[in-house]
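Student: Attaching a single structure in structure tokens format; questions to follow.
The values are calculated or read from the model by the stated rules, or taken from the named source; none is laboratory data. Remember, it's a predicted structure, so these values are computed and weren't measured experimentally. Note: ideal-geometry Cβ built from the backbone for every residue, glycine included; neighbour counts use all protein chains shown. Surface areas here come from the heavy atoms of the whole protein model, side chains and all, with no ligands, DNA or RNA. Shrake-Rupley method; radii C 1.70, N 1.55, O 1.52, S 1.80 Å.
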Amino acid sequence: IKSNIKFLVVHCSDTNDELNLDVTDIHKMHLKFGWDGIGYHKVILRSGEIKNGRPEYWIGAHVKGINDISLGVCLIGRNKFTDQQFSSLEELLINWKISYPKATILGHCDTGKTDKTCPNFNVIEWCKNKSL
């Protein structure tokens, strides 16, 4: 476990909410960007299933400037996430906080490193409501 993790960053795939994309779709998308494959450590499918992306010991490619001190999770979709996705996100973040107790949970848009609105909901408020 990497002890230098300071941020747990929530993203969305910014794809149509009707598309049931899988982790391999994100991997292919990121390869097309010229990256070394999927940039996220975890992907949460529309069904709520949590899929592995990069191993946690690999530096991610999800927030320019803080990839070396963060882990990234991506919810498939853009605006309307499923109840199952939110349940899985809560479960994942609880587990990550056990492993990385000093890490702060943020949405991609809260990092100060992007103009994007990703993940299109207020992660900080959502976490407060979940006592995360």
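Student: For n ≥ 4 DSSP H runs only, could you compute -39500 (n - 2.57) per run for the chain, divide by its residues and tell me the 222 nm figure to the nearest 500?
Tutor: -8000 deg cm²/dmol
Student: Let me ask something else. Out of all DSSP beta bridges in the chain, what portion is antiparallel? Express it as a percent rounded to 5.
Tutor: For the chain, the DSSP antiparallel bridge percentage is about 20.
Student: Would you work out which of Ser3, Tyr40, Thr15 lies farthest towards the positive end of the dipole of the stretch 1-52, given +1 charges on the beta-carbon of Lys and Arg and -1 on that of Asp and Glu, about the Cα centre?
Tutor: Of the options given, the answer is Ser3.
Student: In square nanometres, what is the average projected area of the Cα convex hull of the stretch 1-53?
Tutor: Projected area, direction-averaged: 4.5 nm².
Student: Then there's this: Over the chain, what portion of Cα pair distances is larger than 23 Å, expressed as a whole percent?
Tutor: 23 percent
Student: If I take every Cα pair under 8 Å that is 6 or more residues apart in the chain, average their sequence separation and divide by the length, what percent do I get for the relative contact order?
Tutor: 33 percent
Student: Turning to a different aspect of this structure: Carbon and sulfur atoms: what percent of the 1.4 Å accessible area of the chain do they account for?
Tutor: Result for the chain: 49 percent of the exposed heavy-atom area is carbon or sulfur.
Student: If you don't mind, there's one more thing I want to ask. Report, in listed order, any pair from Lys80/Lys113; Lys42/Lys102; Lys6/Lys28 with a Cα-Cα distance greater than 22 Å.
Tutor: Lys80/Lys113; Lys6/Lys28
Student: Quick check for me: using +1 on Lys/Arg Cβ and -1 on Asp/Glu Cβ, what's the dipole size of the chain about its Cα centre, in debye to the nearest 20?
Tutor: It works out to roughly 360 debye.
Student: Accessible area per residue of the chain at 1.4 Å probe, in Å²?
Tutor: Solvent-accessible surface per residue comes out at 54 Å².
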